[in-house]
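**Q** Before I ask anything, let me first share the structure, which is written out below as structure tokens.
All of the numbers you see were taken from the coordinates with simple rules; none came from a lab. The model shown is predicted, which means the values in this text are computed figures rather than measured ones. A quick note on method: Cβ atoms are made from the backbone with ideal geometry, for glycine too, and the neighbour counts reach across all protein chains shown.
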Amino acid sequence: FVAADRALRLERCRQRGWSEAELARREAFFIPSPERRARSDYVIENHGSLEDLRKNVRTIYERMKGARGCI
């Protein structure tokens, strides 16, 4: 699960040309974030830069690679 607060998600969506209504429409199809977080084996906090996200993904990938039966 990749987490970012709503204000940041909205800012990023606006950079893609989406309105707040479009973000809300798309999010209506999602399982609520607290439930998705609870169901997730891994959570990536995506509140920083793209490079921060890449580092976090790499870290989780390495953990998964070392786990038995994954990847």
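**Q** So which residues in segment 30-68 are hydroxyl-bearing (Ser, Thr, Tyr) and either out of contact with any strand residue (DSSP E or B) (no Cβ under 8 Å at 6 or more places or on another chain) or in contact (Cβ under 8 Å) with a residue 40 or more places away in the chain (or both), if there are any at all?
**A** 40, 42, 49, 59, 61 - these are the residues of segment 30-68 that are hydroxyl-bearing (Ser, Thr, Tyr) and either out of contact with any strand residue (DSSP E or B) (no Cβ under 8 Å at 6 or more places or on another chain) or in contact (Cβ under 8 Å) with a residue 40 or more places away in the chain (or both).
**Q** Tell me, yes or no, whether segment 13-27 has at least one residue that is surrounded by 12 or more Cβ atoms within 10 Å (Cβ to Cβ) and either at positive phi or assigned to a loop (DSSP other than H, G, I, E, B) (or both).
**A** Yes, there is a match, as at least one residue in segment 13-27 is surrounded by 12 or more Cβ atoms within 10 Å (Cβ to Cβ) and either at positive phi or assigned to a loop (DSSP other than H, G, I, E, B) (or both).
**Q** Then there is this: Mind checking which residues of segment 46-55 are loosely packed, with under 13 Cβ neighbours inside 10 Å and closer than 17 Å to residue 10 by Cα?
**A** 47, 48, 49, 50
**Q** Please name all residue pairs, on different chains or six or more residues apart, with Cβ atoms under 9 Å, provided the first residue is in segment 1-22 and is within 13 Å of residue 45 (Cβ to Cβ) and touching a residue at least 12 places away in the same chain (Cβ under 8 Å) and the second residue is in a strand (DSSP E or B) and of a type in the set (Gly, Ala, Ser).
**A** none
**Q** Counting only residues that are outside any loop (DSSP other than H, G, I, E, B) and farther than 24 Å from residue 67 by Cα, how many does segment 40-49 have?
**A** Summing the residues that are outside any loop (DSSP other than H, G, I, E, B) and farther than 24 Å from residue 67 by Cα in segment 40-49 gives 0.
**Q** To continue, here is another question. Here are 37, 58: which of them is in a helix (DSSP H, G or I), more than 18 Å from residue 12 (Cβ to Cβ) and under 11 Å from the mean Cα position of the chain (by Cα)?
**A** Result of the check over 37, 58: 37.
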